[in-house]
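What follows is a single structure, written as structure tokens, with notes after it.
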């Protein structure tokens, strides 16, 4: 039975605490609601910040896995592929391939690293299966290969010399007695041959079509190595070509892909792979194979978007997924879908607040660990209930969640905010990139980033210059018209705004004229929300500048 398509629950790029918590809690709610949602998988589109890691540790819950695309990886597509060692008989390889319904078998070394492939469709294999075996004994085919390939039973301990020829006397007139010490003779139960063999011992004798008792009696009359094949001469000769070692049939020119390669890249690679693709892990070991039919059979993953609804912030592969739901507390973005979907967008302080209501509406009790996650996310997004985005009902939810989580709201909230303060320690590049979002308005592409601190005094003139330079570099790389960096003191509810742009027009549009003339820093009191305060201000300035 094929596995159901995965159902990913993904927040936005550069995940913050609310985004990561929303993904985890919605997955928990799905699993609690119905059995068919057991495959709900919460994911984060990047590394989690210190605050988020701390919160999940406090709750005793493993954070969502990191995943940047909802497209399948090679590891997820790959079907099991049979592997075999290079000294294994060709017959064993082909039988293994047929039992596995595979197009080929992979020849590996002891560490399971691929050496080549063997298939019944290659010219090399077909040549070996149809060649004159006697011409290749002692070159491509050793007698040890015949022993192993035919599962010959050794009946005595006489030393085996080098075998260079194989002779099968089928009639009395073909018995010459002129064989040399490097010839192996295949016989059945015929005394005439035994007399000649006893007089002129060959390199070895292979008995066919005799009982164990008769084989023992014959062996006692011979002074050369004796082996027993449990079948007829015809059977043995038919199976003889399968004794070649896999190394002789192996094709070393095979195509492989890394286990983490995405399906869009795999689709391009497989066009030039006649035998399909081997999937290799980070240690160069074989973990499976992919054929073109495997790509055609893929079921589109389902996708729930939380804490965003804009394509620019969404997971890679969005267009190839079935978007089933959007849960957000921001403005409705530009995500488009083919089929109808559920949209739950509410003007609340956090996506965690919406999920609190969803859990209540579903009639579930909120466990302590889930309550702690929701409370931490609500505090993080509302800056301990001081942000303009925070509603009266958010404050009531926070009080309820604090009770369910068995924490003091004020003390827990301050610690949540402290965990997000890396202004003094982190690199300027990581700070300006961690919570940086792209926006487009009236044809203008710009970036808006926010850095939170519990003490704005940490932002010295030198530190501010480092942030400004790092942010300007990022704006250039993104090809944005300008960037607005908001450094927010979450305890004093004030922010310093830094505008960067190569175009003086945008500096004039956003910076107050008196500050442009004096060169003073731009601080705004009671200004803590990027969504409700900074973005509306920037959009207004853009309209006036057009």
query: What's the number of the condition residue 157 fails, among (1) in a loop (DSSP other than H, G, I, E, B); (2) at pLDDT below 85?
result: (2)
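Of everything in region 65-82 that's out of contact with any helix residue (DSSP H, G or I) (no Cβ under 9 Å at 6 or more places or on another chain) and part of a strand (DSSP E or B), which residue is farthest from residue 25 (Cα to Cα)?
Residue satisfying both the conditions and the ranking: 66.
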query: So which residues in region 84-103 are modelled with pLDDT of 90 or more, buried (at least 18 other Cβ atoms within 10 Å of the Cβ) and under 20 Å from residue 285 (Cβ atoms), if there are any at all?
result: 84, 88, 93, 97
- request: Considering only region 114-144, state which residues are closer than 25 Å to residue 206 by Cα, touching a residue at least 60 places away in the same chain (Cβ under 8 Å) and in a strand (DSSP E or B).
  value: 141
task: Please name all residue pairs, on different chains or six or more residues apart, with Cβ atoms under 7 Å, provided the first residue is in region 88-109 and is touching a residue at least 60 places away in the same chain (Cβ under 8 Å) and outside the structural domain of residue 285 (by TED's automatic domain parsing) and the second residue is part of a helix (DSSP H, G or I) and crowded, with 21+ Cβ neighbours inside 10 Å.
output: none
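Looking at residue 422, is it surrounded by 16 or more Cβ atoms within 10 Å (Cβ to Cβ), closer than 23 Å to residue 47 by Cα and at pLDDT below 90?
yes
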- request: Kindly indicate whether any position in region 459-469 is modelled with pLDDT under 95, assigned to a loop (DSSP other than H, G, I, E, B) and under 18 Å from residue 527 (Cα atoms).
  value: yes
task: Go through region 491-546 and give me each residue that's within 20 Å of residue 435 (Cβ to Cβ) and in contact with a helix residue (DSSP H, G or I) (Cβ under 6 Å, 6 or more places away or on another chain).
output: 498, 499, 500, 501, 510, 522, 527
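Yes/no per residue for (1) under 30 Å from residue 295 (Cβ atoms); (2) touching a residue at least 12 places away in the same chain (Cβ under 8 Å); (3) touching a strand residue (DSSP E or B) at 6+ places or on another chain (Cβ under 7 Å); (4) crowded, with 19+ Cβ neighbours inside 10 Å:
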residue	(1), (2), (3), (4)
189	no, yes, no, no
200	no, yes, no, no
206	no, yes, yes, yes
213	no, no, no, no
216	no, yes, no, no
225	no, yes, yes, yes
231	no, yes, yes, no
258	yes, yes, yes, no
263	yes, yes, no, yes
query: (1) closer than 26 Å to residue 540 by Cβ; (2) part of a loop (DSSP other than H, G, I, E, B); (3) touching a strand residue (DSSP E or B) at 6+ places or on another chain (Cβ under 9 Å): which one isn't true of residue 421, the others all being true?
result: (1)
query: Do we find a residue being in contact (Cβ under 8 Å) with a residue 60 or more places away in the chain, assigned to a helix (DSSP H, G or I) and surrounded by 19 or more Cβ atoms within 10 Å (Cβ to Cβ) anywhere in region 272-291?
result: no
task: Working only within region 506-535, note down all residues that are loosely packed, with under 12 Cβ neighbours inside 10 Å and part of a helix (DSSP H, G or I).
output: 513, 514, 517, 518
- prompt: Has region 319-334 got at least one residue that is part of a helix (DSSP H, G or I), surrounded by fewer than 22 Cβ atoms within 10 Å (Cβ to Cβ), under 32 Å from the mean Cα position of the chain (by Cα) and in the same structural domain as residue 44 (by TED's automatic domain parsing)?
  reply: yes
field: Check on residue 433, assigned to a helix (DSSP H, G or I) and in the same structural domain as residue 467 (by TED's automatic domain parsing)
entry: yes
- prompt: in the same structural domain as residue 18 (by TED's automatic domain parsing), surrounded by fewer than 20 Cβ atoms within 10 Å (Cβ to Cβ) and in a helix (DSSP H, G or I) - does that describe any residue in region 365-376?
  reply: yes
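The values are calculated or read from the model by the stated rules, or taken from the named source; none is laboratory data. It should be emphasised that the depicted structure is a prediction, and the values quoted were computed from it without experimental measurement. Note: ideal-geometry Cβ built from the backbone for every residue, glycine included; neighbour counts use all protein chains shown.
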